[in-house]
1. Looking only at segment 97-120, which residues are in contact with a Lys or Arg (Cβ under 8 Å, 6 or more places away or on another chain) and either more than 15 Å from residue 262 (Cβ to Cβ) or assigned to a helix (DSSP H, G or I) (or both)?
2. Within segment 417-461, count every residue that is at pLDDT below 80, within 19 Å of the chain's Cα centre (by Cα) and part of a helix (DSSP H, G or I).
3. When you check residue 592 against the structure, is it free of Cβ contacts under 8 Å to residues at least 24 places away in the same chain, in a helix (DSSP H, G or I), of a type in the set (A, V, I, L, M) and over 30 Å from residue 301 (Cβ atoms), yes or no?
4. Taking segment 464-478 on its own, how many of its residues are in contact with a Ser or Thr (Cβ under 7 Å, 6 or more places away or on another chain) and either modelled with pLDDT of 65 or more or not polar (S, T, N, Q) (or both)?
5. Among (1) closer than 18 Å to residue 64 by Cβ; (2) crowded, with 21+ Cβ neighbours inside 10 Å; (3) not aromatic (Phe, Trp, Tyr), where does residue 311 come up short?
6. Read through the list (1) within 22 Å of the chain's Cα centre (by Cα); (2) surrounded by fewer than 23 Cβ atoms within 10 Å (Cβ to Cβ), then give the number of the only condition that residue 282 fails.
7. Tell me whether segment 156-164 contains one or more residues that are without any contact (Cβ under 8 Å) to a residue 12 or more places away in the chain, surrounded by fewer than 19 Cβ atoms within 10 Å (Cβ to Cβ) and not in a helix (DSSP H, G or I).
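The values are calculated or read from the model by the stated rules, or taken from the named source; none is laboratory data. Bear in mind that the values here come from a model prediction, so they are computed numbers and not experimental data. FYI the Cβ positions are ideal-geometry reconstructions off the backbone, even for glycines, and counts take in every protein chain you see.
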Amino acid sequence: MVALEILDYAIIISFFAITLIIGLLVAKKSGKSSSEYFLSGRNMPWWLLGISMVATTFSTDTPNLVTDIVRNQGVSGNWVWWAFLITGLLTVFVYAKLWRKSGVNTDIEFYELRYGGKPAKFLRGFRAIYLGVVFNVLAMSAVTLAAIKIGQIMLGLSPLETIGYAGLVTVIFSTIGGFKGVVYTDFILFFAAMAGGIGAAYYCVNLPEVGGMGELMTHPLVIDKLDILPDFNDTSLVITLLIIPLAVQWWSAWYPGAEPGGGGYIAQRMLAAKDENHAIGATFFFNALHYALRPWPWILVALASLVVYPDIASIHEAFPNIVENKLGDDLAYSAMLTKLPTGLLGLVMASLIAAYMSTISTHLNWGSSYVVNDFYARYVKKEASQKELVNVGRISTVLLMVVSSALALVLTNAYQLFNIILMFGAGTGLIFILRWFWWRINAWSEISAMFSSGVISILFNFSPLGLVLFGTNQEDGLLPNWSTYPLVVLLTTVVWVAVTFLTKPEKDTTLFDFYKQTQPGGPGWQRIINRAKLQGHTLIMNTQKWSVPAGILATLVGCITIYGALFSTGYWIYGYFTQATILTALTLISILILVKLWKRVKSSIF
């Protein structure tokens, strides 16, 4: 526990006050209609939406998760989420304009635009609860768990006290301010979070126990954790940390904020943009900041924590009052923050509060939008007034907060949920990528993928079959432990592809309407275009060149740009100046190429 001074309290209280004031200022306009409450009238600029996405994905559990990864697997362990950059940039250059053209209020509403009949109706309603409530609650509980750990270590608060203080303010401004309140406060939360993260990293690295960057880079407990790429002599490690994320995970898994083809709260922000150009700009800005700017402050604190707290036992010794089931390597981040001086401590505490509030408020508004738009207004009361829909949204916001907080009380660490959510979405991602460009995919494809992925994941992870096949480590089972995820993907893909061809395609009218609305283009729709011509319908509304090939090329160059920025930053920090110079030059060259490619992509869209 640390002792906060008057300056620290002043910073934290001011921060709470600002967020509540913003929520109150926008409450009246946000309450006018469900469109205002959940999409802010679709008039948001790219830079504000981009910063909001970054603020949302910087939650209290993120630095804890990164710390857990670095302490156990080294810096290269972060490829488990760095690989999602490919997904993010495909969303930027291929899918952002399609989402904006769709005109839907949520990505769940998309199901009844793309598919038809009772299967589409079921899919929309089920996914609204499955994602908006079940998965959303899991994600929020991980964030709340991190807040509980921070509260215990830094302030000596009980879990219920942390939930009461932080959760109450968050749920108030989220409930009254709606999406606009969330986005406006995210702008402030982002800068507070970044300032706190960078300040904490600088101070922790220069602690007397650590001795600065020079000493840190040569410390025996740290030196083998520094590699950005895993040790290629360890085949299993390379497969787990690099090959599977880059070859399989990025396109196959559904994960909040990194959905293949866009989705969730990322789609919500694209749908709220002024136009397609702003939707694309917002998602690119988000990916650049999320991957190239943010990770290193967390990584540095994690590396420094290895010097100060070499293992979990040392953390427990320093903080004996921590609840037993909350002990883990992820606690090291909070433990390091207890060493910060007055003023900086207040700023960092405010930044962590900012991280918590930005993420939770987004998840509350996003999940509530599913409950209202895709469940209540669609199945419970179609004739509900706009005022009633807003009220239902506010009630569901509170309920989501209560349920996720209750679940957080029984969890141990954030990495548990990261793996569970990743596994339960394994194999479904390819559908989200292809459904825009292949007419044959139908509602049954998605239904079969969703259920088979869940059932197979349960069998492999929580049943005797899983122990027989994979054991508890690489030596025990019939198959290596790393093969669990690829096997779930393979079996799920086989199931949904088989179901696709064994069931009837969507009706022509449904496919014609979808193509007219979104204009996806490509050879996967040629049969439908030809069929429409025979029936006297015109589906192609413009004669511009198909933008996807240019978009894919821009994605590849964009990956080189952002990965180059991420890794060159790391090498500058490490003091590896030769590697840093080469990567910086490569990054600058790829930026110039990307600018030219963007002009081609833009001309084929607008």
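1. Once the filter is applied, which keeps residues that are in contact with a Lys or Arg (Cβ under 8 Å, 6 or more places away or on another chain) and either more than 15 Å from residue 262 (Cβ to Cβ) or assigned to a helix (DSSP H, G or I) (or both), segment 97-120 yields 111, 112, 114, 116, 117, 120.
2. 8
3. Against the criterion (free of Cβ contacts under 8 Å to residues at least 24 places away in the same chain, in a helix (DSSP H, G or I), of a type in the set (A, V, I, L, M) and over 30 Å from residue 301 (Cβ atoms)), residue 592 qualifies.
4. Number satisfying all stated conditions: 1.
5. Here residue 311 clears every test but (2).
6. The one condition residue 282 does not meet is (2).
7. Scanning segment 156-164, I find at least one residue that is without any contact (Cβ under 8 Å) to a residue 12 or more places away in the chain, surrounded by fewer than 19 Cβ atoms within 10 Å (Cβ to Cβ) and not in a helix (DSSP H, G or I), so the answer is yes.
So that you can scan it fast, the table gives a plain yes or no per residue for (1) closer than 23 Å to residue 104 by Cβ; (2) aliphatic (A, V, I, L, M):
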position	(1), (2)
510	yes, no
537	yes, no
545	no, no
556	no, yes
565	no, yes
570	no, no
580	no, yes
584	no, no
